[in-house]
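Okay, structure first, notes after.
The values are calculated or read from the model by the stated rules, or taken from the named source; none is laboratory data. Just so it is clear, the structure is predicted and the values come from calculations on it, not from any experiment. For neighbour counting, all protein chains shown are included, and Cβ atoms are generated from backbone atoms with ideal geometry for every residue, glycine included.
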């Protein structure tokens, strides 16, 4: 099983490395969001306050940005969740194209176990969003040091446990969505149907999270829904680690637990669905 | 089911969606080491049958045994023992030829070092050495097919399934491909099961063939046996004059089924044209009639197909006569060169 998994994973990474256009596009996407959206949409609720006291400033920041020092810092943590989800979209499309070109059929014609076929694509498909998530964090931190640009200002000292929780949150979110989209790719055969199904899932999940909306501007019902949204759960771990836990009702480990529960349920359902499709005899 | 076949199909049935009956009770046995052709027009059930035999599709009923393993019972083991070359090109264009082979080796559980070694061996055998480290998407159609053949052979299978292997290749490419298959079989004694709708390929390359039409086997046998079932060869004998009539003399020769005479020319239908000719010349000579010309015409597989299916083979699907001549010429020339 391990030999087959290694061989097929190598294939996925070779294909990824040989597609510079896709790499360029995937890098460009978060960069444009960070440079344009983050700077252009940089809300400042403090501007409306006349000679605010420190307590008023803290209250406003807590209300709108859940403890983040500004919108950009709040937004860049949210961008991590946003980028992880949007960059896993193509994992299933690649399966469909491999089906159309006969490559998937050839692989299924070998005795390579289904777990290796699925696992190799999952590893490669999740690695890219995880790398992009850290790229977003790195760029956002870098922008904070470039005059004229907004950037991510981390206000807490990051402990090894905190760093581990951030990593775990990103990895879990990437694995969860990569599994879902990979399942779509295995079950569907037509690219148009795949993208329709993905958008049907993707947009509501993204837009019911607090990844991009300032918390204080969200209506109460959306705040309630977003607390259970897996993207929000991931982003909460990041924001609480970066900006402090004063406004959060639970510690990061609880959000991580929620994310783990989501991942377990969705991955479980997905594996049940693909098990039939990946049986040795169809 | 008993027997020593490398491939045994017994009453295989495949119904898609409860409605479309693609294969309806197909049975045949392929002997170890033979090249067996599975012949039929598009939509006849060839690919469905080969996919069931290659453990890619569960039969609705019936059973298949490949290299002694029942396919439905242990499909993974069957996949370990067979190589499959699919109808559609399956080479990974973004990988080099060598990488395609190394990934395939890994899929069969071969270690990295064994995979590399076997890949190099097959690259040399398939004459892809110069192109081995180029992306497969830069290969010509013939090179891609050879690469796909190498991929199918990476794990030294005992049975090789070829599904329309020469579809889309030019005559040179087809000739080259078949040369590889023939030399491979000679070297390894591997059983080769090939589906094709090129009648000339089935006729020239396969020891036995099965004709499938509308999901059923219409006939099985060697190309010569199937042609003999039509009543044998047609021998045309031109004599020095219309009299005396040698019809009774020729009729007495063994294997003759019918004779028609027009002026000085006799059209004789007989089982073995080549063995009949010297006997006929001798008999005519003894009867005082000189033979001035002889031709022997064997029935083609087109006629066999017509006989067993009741309709003509769809000619537009096959190669042109020129294509056939060029391909066979290439093969003959190369075989002569080897000798």
Number of positions in the stretch B:75-117 that are assigned by TED's automatic domain parsing to the domain that holds residue B:52 and in a strand (DSSP E or B): 4
Qualifying positions in the stretch B:60-73 - touching a strand residue (DSSP E or B) at 6+ places or on another chain (Cβ under 8 Å) and more than 9 Å from chain A (Cβ to nearest Cβ): B:60, B:61, B:62, B:63, B:64, B:65, B:66, B:67, B:70
Test: residue in the stretch A:33-46 that is in contact (Cβ under 8 Å) with a residue 40 or more places away in the chain, surrounded by fewer than 20 Cβ atoms within 10 Å (Cβ to Cβ), within 14 Å of chain B (Cβ to nearest Cβ) and assigned to a loop (DSSP other than H, G, I, E, B): no
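Checking the structure you have, find out if any residue of the stretch A:67-86 is closer than 30 Å to residue B:116 by Cα and in contact (Cβ under 8 Å) with a residue 60 or more places away in the chain. Break it down stepwise before answering.
Step one: filter the stretch A:67-86 for residues closer than 30 Å to residue B:116 by Cα, giving none.
Within the stretch A:67-86 (the criterion being closer than 30 Å to residue B:116 by Cα and in contact (Cβ under 8 Å) with a residue 60 or more places away in the chain), the answer is no, since none of the residues qualifies.
Let me confirm something: among B:162, B:149, which residue is crowded, with 21+ Cβ neighbours inside 10 Å and either under 19 Å from residue B:119 (Cβ atoms) or free of Cβ contacts under 8 Å to residues at least 40 places away in the same chain (or both)? Quick ask: steps written out before the conclusion?
Working: B:162 fails: either under 19 Å from residue B:119 (Cβ atoms) or free of Cβ contacts under 8 Å to residues at least 40 places away in the same chain (or both).
After applying the criteria, what remains is B:149.
For the stretch A:124-134, state whether one or more residues are within 14 Å of chain B (Cβ to nearest Cβ) and surrounded by fewer than 23 Cβ atoms within 10 Å (Cβ to Cβ).
Taking the stretch A:124-134 first, the residues within 14 Å of chain B (Cβ to nearest Cβ) are A:124.
Now drop any that are not surrounded by fewer than 23 Cβ atoms within 10 Å (Cβ to Cβ), which leaves A:124.
Yes - at least one qualifying residue is present in the stretch A:124-134.
Given the criterion in a loop (DSSP other than H, G, I, E, B) and in contact with a helix residue (DSSP H, G or I) (Cβ under 6 Å, 6 or more places away or on another chain), identify the matching residue among A:197, A:211, A:178. I'd like the intermediate steps shown before the answer.
Working: A:197 fails: in a loop (DSSP other than H, G, I, E, B); A:178 fails: in a loop (DSSP other than H, G, I, E, B).
None of the others qualify; the one that does is A:211.
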Entirely in the stretch A:59-111, the helices (runs of 4 or more DSSP H) that have 2 or more residues that are under 24 Å from the mean Cα position of the chain (by Cα), under 24 Å from residue A:202 (Cα atoms) and more than 14 Å from chain B (Cβ to nearest Cβ): A:71-87, A:90-100
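Could we say that residue A:50 is outside any helix (DSSP H, G or I), more than 14 Å from chain B (Cβ to nearest Cβ) and over 22 Å from residue A:151 (Cα atoms) here? Let's see the steps before the verdict.
Values: outside any helix (DSSP H, G or I): yes; more than 14 Å from chain B (Cβ to nearest Cβ): yes; over 22 Å from residue A:151 (Cα atoms): yes.
Yes; evaluated as a whole, the condition is true for this residue.
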